[in-house]
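This report concerns only the one structure given below.
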Amino acid sequence: MKLTVLGGRGAWPTADAACSGYLVEHDGHRLLLDPGYAVMPQLLRHLRPEDVDAVVVTHGHPDHCADLNPLLRARALADRPAPALPVYAPAGALDAVLALDRPGMLHGSYELRAFDPATEPEFTSGPFRVGTRALPHHVPNAGLRLTAAGRVLAYTGDTGPTPALAELADAADLFLAEATYPEEVPEEDAPYLSSARQAGEHATRAGAERLLLTHLWPGGDEAAAIAAARRGFGGDVGVARPGTVVELGAD
């Protein structure tokens with residue numbers, strides 16, 4: 001299983017980093033997770049729009065799904081339109097982004113497969129078994145657990161602290177964890193977002209092998225985030241930067 005980071009900033013993109021966006025590949029199947037702001041140009045560095053096999057969105061905030069629109073446009077308006085793209089998301093999460101164009105413009109370009117992470121704990125996409133967990137955020141959010149060939153990638157989307165994270169990332173080869181702030185989350189957001197320190201603590205409880213911090217606040221101090229996570233986690237810690245590649249299972 002191969003992860004390529006397309007973007008990893010929260011809220012809005014910066015000049016050198018898109019918002020959340022991750023390409024996960026195995027056995028020729030290409031799964032795009034959370035195509036947020038400015039992810040599309042980064043995606044095009046790696047593959048053509050028609051080469052994406054499926055999209056999975058954790059929740060409906062635009063920094064996690066806005067660039068689904070240009071991806072679908074590129075597929076629908078091509079000289080040879082691509083087949084309908086399977087798009088998995090919590091029910092209602094994509095209503096706004098799918099309403100950006102006139103009715104019918106994207107007809108046939110996608111097949112929306114809504115799911116409820118609280119009641120539908122698993123689906124499959126190509127070789128991937130995708131487990132889901134309902135995690136606390138300002139809007140319904142699905143944590144994802146991707147399994148293929150015995151390897152596990154766990155991804156939080158955006159989440160507040162919850163015991164469900166230890167289950168989501170149980171013995172994961174890679175834990176891709178939201179860490180908007182290094183040490184402390186402001187009180188008003190504390191139930192809905194996480195810090196790097198908390199991400200490290202959750203990785204330890206889960207027994208994850210490796211931790212990759214993502215969704216850092218634009219302009220945030222990456223070194224401070226890594227240091228905070230290391231106070232709670234003794235394994236390998238990094239930050240999700242555009243172009244970062246992780247081969248799960250590689251020697």
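Quick one: which of 79, 116 is farther than 22 Å from residue 8 by Cα, out of contact with any His (no Cβ under 8 Å at 6 or more places or on another chain) and free of Cβ contacts under 8 Å to residues at least 24 places away in the same chain?
Exactly one residue qualifies, and that residue is 79.
Which of the residues spanning the range 207-219 are under 19 Å from the mean Cα position of the chain (by Cα) and modelled with pLDDT under 95?
none
Do we find a residue being buried (at least 19 other Cβ atoms within 10 Å of the Cβ) and under 14 Å from the mean Cα position of the chain (by Cα) anywhere in the range 181-197?
No: zero hits.
Quick check on residue 238: is it more than 24 Å from residue 148 (Cβ to Cβ) and either touching a strand residue (DSSP E or B) at 6+ places or on another chain (Cβ under 7 Å) or loosely packed, with under 15 Cβ neighbours inside 10 Å (or both)?
no
Quick one: is residue 134 surrounded by fewer than 20 Cβ atoms within 10 Å (Cβ to Cβ), part of a strand (DSSP E or B) and in contact with a Pro (Cβ under 6 Å, 6 or more places away or on another chain)?
It is true that residue 134 is surrounded by fewer than 20 Cβ atoms within 10 Å (Cβ to Cβ), part of a strand (DSSP E or B) and in contact with a Pro (Cβ under 6 Å, 6 or more places away or on another chain).
So, of the residues in the range 18-34 that are of a type in the set (Gly, Ala, Ser) and crowded, with 20+ Cβ neighbours inside 10 Å, which turns out to be nearest to residue 54 (Cα to Cα)?
21
Which one of the conditions (1) more than 16 Å from the chain's Cα centre (by Cα); (2) surrounded by fewer than 22 Cβ atoms within 10 Å (Cβ to Cβ) does residue 147 fail to meet, given that it meets all the rest?
(1)
Would you check if residue 236 is closer than 21 Å to residue 7 by Cα and acidic (Asp, Glu)?
Yes.
Has the range 217-238 got any residue that is in contact (Cβ under 8 Å) with a residue 60 or more places away in the chain and aliphatic (A, V, I, L, M)?
No.
Just give me the residues in the range 168-199 being touching a residue at least 60 places away in the same chain (Cβ under 8 Å) and assigned to a loop (DSSP other than H, G, I, E, B), in sequence order.
Once the filter is applied, which keeps residues that are touching a residue at least 60 places away in the same chain (Cβ under 8 Å) and assigned to a loop (DSSP other than H, G, I, E, B), the range 168-199 yields 173, 180.
So, of the residues in the range 214-251 that are aliphatic (A, V, I, L, M) and assigned to a loop (DSSP other than H, G, I, E, B), which turns out to be farthest from residue 193 (Cα to Cα)?
Looking at residues that are aliphatic (A, V, I, L, M) and assigned to a loop (DSSP other than H, G, I, E, B), I get 250.
Tally the residues that are part of a loop (DSSP other than H, G, I, E, B), of a type in the set (Ser, Thr, Tyr) and either on the phi > 0 side of the Ramachandran plot or surrounded by fewer than 14 Cβ atoms within 10 Å (Cβ to Cβ) (or both), restricting the search to the range 92-125.
1
One residue is enough: does the range 137-153 have a residue meeting the conditions touching a Phe, Trp or Tyr at 6+ places or on another chain (Cβ under 7 Å), part of a loop (DSSP other than H, G, I, E, B) and under 17 Å from residue 22 (Cβ atoms)?
No, the range 137-153 contains no residue that is touching a Phe, Trp or Tyr at 6+ places or on another chain (Cβ under 7 Å), part of a loop (DSSP other than H, G, I, E, B) and under 17 Å from residue 22 (Cβ atoms).
The values are calculated or read from the model by the stated rules, or taken from the named source; none is laboratory data. Keep in mind the model is a prediction, meaning the values are calculated, not measured. Glycine also receives a Cβ, built like all others from the backbone with ideal geometry; neighbour counts cover every protein chain displayed.
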